[in-house]
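As structure tokens, the structure follows; a few thoughts come after it.
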Amino acid sequence: MTEPASLRQPTTTWEYAVSAADLLALWHARSHPGLLGKPVRTRTVVLLAACIIDRARGAGLSGAAIVDVALADVLATVDRYALSSLEGCRAPAGIGGEAAADLLRLYGTLEYAEVHGAVRTALTGISRTAGRTPASPTAARRCARQPALDRSLAARRPAHPADGTSPRSTGRHLTP
């Protein structure tokens, strides 16, 4: 039996970032119905993925290793460098490219502010749900009640140095 295209395993760093962003957005949306309706959900996932990939590149991470990106660092990127993250994300057509172009076009408008607020709310909400602050230890610990994050991302993570040698490693990661 072949898997539907929407359920295939990510193969690129961008696809892993989109997958992680979607899981984080969906997890938060469980407790906030209606927060991420279309097109806000799609744009929220793309902005969050752009910020995740920006931090991953800064830490020298790629592919499934993006799970080592600290959510606190992603939140800081959302607050300070969201525009440059969008500009540099190189989202392909069909996998967020159109939404990234829309967000760049909308930058500075109320529509963009709504998406930016949704990303911020999701990241801070995930931290609060688990009783932690955004600068707390790993998101996997924050997401202990969300086993899908571990199954979908951590299980596919290739081996890499976990000794904190990444240039921007903070010791707080998406998985343990």
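The values are calculated or read from the model by the stated rules, or taken from the named source; none is laboratory data. Note that the coordinates shown come from a computational prediction; the quantities given were computed from them, not determined experimentally. Please note: Cβ atoms are built from the backbone with ideal geometry, for glycine as well, and neighbour counts cover all protein chains shown. The accessibility values were calculated without ligands, DNA or RNA, using every heavy atom of the protein model including side chains. Shrake-Rupley method; radii C 1.70, N 1.55, O 1.52, S 1.80 Å.
Could you tell me which of the residues ALA91, ALA99, ALA148, ALA155 is part of a helix (DSSP H, G or I) and modelled with pLDDT of 90 or more? Walk me through it before giving the result.
On the way: ALA91 fails: part of a helix (DSSP H, G or I); ALA148 fails: modelled with pLDDT of 90 or more; ALA155 fails: modelled with pLDDT of 90 or more.
Step by step, each of ALA91, ALA99, ALA148, ALA155 is checked, and only ALA99 is part of a helix (DSSP H, G or I) and modelled with pLDDT of 90 or more.
Considering only segment 131-144, state which residues are surrounded by 16 or more Cβ atoms within 10 Å (Cβ to Cβ) and modelled with pLDDT of 50 or more. Break it down stepwise before answering.
Taking segment 131-144 first, the residues surrounded by 16 or more Cβ atoms within 10 Å (Cβ to Cβ) are 132, 134, 136, 138-140, 142-143.
Scanning segment 131-144 gives a single hit, ARG132.
Return the pair list, or none, for Cβ contacts closer than 7 Å from residues in segment 44-69 that are within 14 Å of VAL18 (Cβ to Cβ) and among the β-branched types (Val, Ile, Thr) to residues that are open to solvent by 20 Å² or more (accessible area, probe 1.4 Å) and part of a helix (DSSP H, G or I), at least 6 apart or on different chains.
Close Cβ pairs (under 7 Å, with a partner that is open to solvent by 20 Å² or more (accessible area, probe 1.4 Å) and part of a helix (DSSP H, G or I)) amount to VAL45/VAL18; VAL45/ASP22; ILE53/THR13; ILE66/THR13; VAL67/ALA154; VAL69/ARG55.
Which residue out of PRO33, PRO39 is farther than 16 Å from THR13 by Cα, out of contact with any helix residue (DSSP H, G or I) (no Cβ under 9 Å at 6 or more places or on another chain) and open to solvent by 20 Å² or more (accessible area, probe 1.4 Å)?
PRO33
Could you please let me know if ALA101 is more than 15 Å from the chain's Cα centre (by Cα) and more than 24 Å from ARG30 (Cβ to Cβ)?
Yes: the conditions hold for ALA101.
Taking only pairs six or more apart or across chains, which ones have beta-carbon atoms under 7 Å, a first residue in segment 82-111 that is under 16 Å from ILE53 (Cβ atoms), and a second residue that is of a type in the set (Asp, Glu) and assigned to a helix (DSSP H, G or I)?
What qualifies is SER85/ASP54; GLY88/ASP54; ILE95/GLU15; LEU104/GLU87.
Any idea which of ALA82, ALA100, ALA91, ALA76 is in contact with a helix residue (DSSP H, G or I) (Cβ under 8 Å, 6 or more places away or on another chain) and more than 13 Å from TRP14 (Cβ to Cβ)? Before you say what the answer is, go through the steps one by one.
On the way: ALA100 fails: more than 13 Å from TRP14 (Cβ to Cβ); ALA91 fails: more than 13 Å from TRP14 (Cβ to Cβ); ALA76 fails: in contact with a helix residue (DSSP H, G or I) (Cβ under 8 Å, 6 or more places away or on another chain).
From the options ALA82, ALA100, ALA91, ALA76, the qualifying one is ALA82.
So VAL45 ticks every box in (1) surrounded by fewer than 24 Cβ atoms within 10 Å (Cβ to Cβ); (2) within 12 Å of the chain's Cα centre (by Cα) but one. Which box is left unticked?
Failing condition for VAL45: (1).
Select, from GLY63, GLY97, the only residue that is touching a Ser or Thr at 6+ places or on another chain (Cβ under 8 Å) and surrounded by fewer than 23 Cβ atoms within 10 Å (Cβ to Cβ).
GLY63
Please determine, by comparing only the residues of segment 77-94 that are open to solvent by less than 30 Å² (accessible area, probe 1.4 Å) and among the aliphatic types (A, V, I, L, M), which one is nearest to THR121 (Cα to Cα).
Result: VAL78.
Which pairs do you get when a residue that is farther than 17 Å from ARG57 by Cβ, found in segment 13-28, comes within reach of a residue that is open to solvent by 10 Å² or more (accessible area, probe 1.4 Å) and charged (D, E, K, R), reach meaning Cβ atoms under 7 angstrom, with the pair 6+ apart or on two chains?
Hits for this filter: ALA25/ARG41.
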